[in-house]
Amino acid sequence: MAFELPPLPFGQNALEPHISEQTVYYHYGKHHKTYVDKTNKLVEGTKFANASLETIIKEADGGIYNNGAQAWNHTFYWNSLHPDGGGKPSGDLLGMIERDFGSFEEFQNQFTNSVTTLFGSGWVWLALTKDGKLTVVQKSNAGNPLRDGMTPLLTCDVWEHAYYLDRQNRKPEYVEAFWKLVNWKAVENRL
């Protein structure tokens with residue numbers, strides 16, 4: 001079973017002016033594709049040859065884990081964004097955010113702080129813990145909360161390839177643009 005690069009849920013220029021077409025072209029068409037291709041090569045002849053990416057995230061290590069998790073994380077990231085996104089969630093999700101963070105604004109502040117303070121490359125996640133609480137999680141490199149038994153709901157890619165062409169070293173500007181694209185409907189559906 002070969003993994004495939006899933007299609008973007010929007011056109012490569014659809015996230016402009018917040019994320020440029022050039023960034024999406026390289027981020028999706030080069031970086032994401034490379035993770036998928038490397039995962040396919042690395043799993044050949046291993047116990048992960050017919051495994052799902054979720055199984056790889058939970059059980060693999062080394063190159064298989066790193067590339068498989070990056071392939072999954074990127075697909076999740078693209079589906080966390082929408083050209084008409086942004087604003088605030090509603091319903092149960094908003095209620096849970098207010099319960100677990102005090103307010104939507106406090107959640108946003110914690111998430112933003114986690115993005116801007118993450119040392120090196122990685123991911124910031126909104127995740128649901130085993131006991132039903134929402135939490136913000138910083139993960140280095142290919143880290144994913146699935147590995148800790150949590151349910152990922154939203155992620156922000158904090159690898160430089162996600163923002164450097166548009167923002168250079170200005171991570172706060174990147175996360176500000178990210179908030180204008182968050183697909184709250186997708187996050188609510190994941191809940």
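Worth a mention:
- Highest-first arrangement of 23-29, 127-133, where packing means the average Cβ count within 10 Å: 23-29, 127-133
- Inverse mean reciprocal Cα-Cα distance (Kirkwood Rh) of the range 91-190, Å: 13.9
- With helices as the sole contributors, the chain gives -13000 deg cm²/dmol at 222 nm; each DSSP H run of n ≥ 4 counts as -39500 (n - 2.57), and the sum is divided by every residue.
- Relative contact order (percent, whole number), the range 21-78, Cα cutoff 8 Å, 6+ residue spacing: 40
- Antiparallel %, DSSP beta bridges [both residues in the range 91-190], to 5: 100
- With coordinates expressed along the principal axes, the C-alpha atoms belonging to the range 21-78 extend over 38, 19, 17 Å, beginning with the largest.
- Once the Cα atoms are used to define both axes, helix 33-43 deviates from the longest principal axis of the chain by about 50 degrees.
- Selection from L81, G149, N67, by position along the positive dipole direction of the chain (Cβ): N67
- Lys-Lys pairs in the chain that are eight or more residues apart or on separate chains and whose Cα atoms lie under 21 Å of each other come to 17.
Read-outs throughout are calculated quantities, based only on the coordinates presented, and are distinct from any laboratory measurement. Since the model is a prediction, treat every value here as computed from it, not as a measurement. We place every Cβ from the backbone using ideal geometry, glycine too, and count neighbours over all the protein chains shown.
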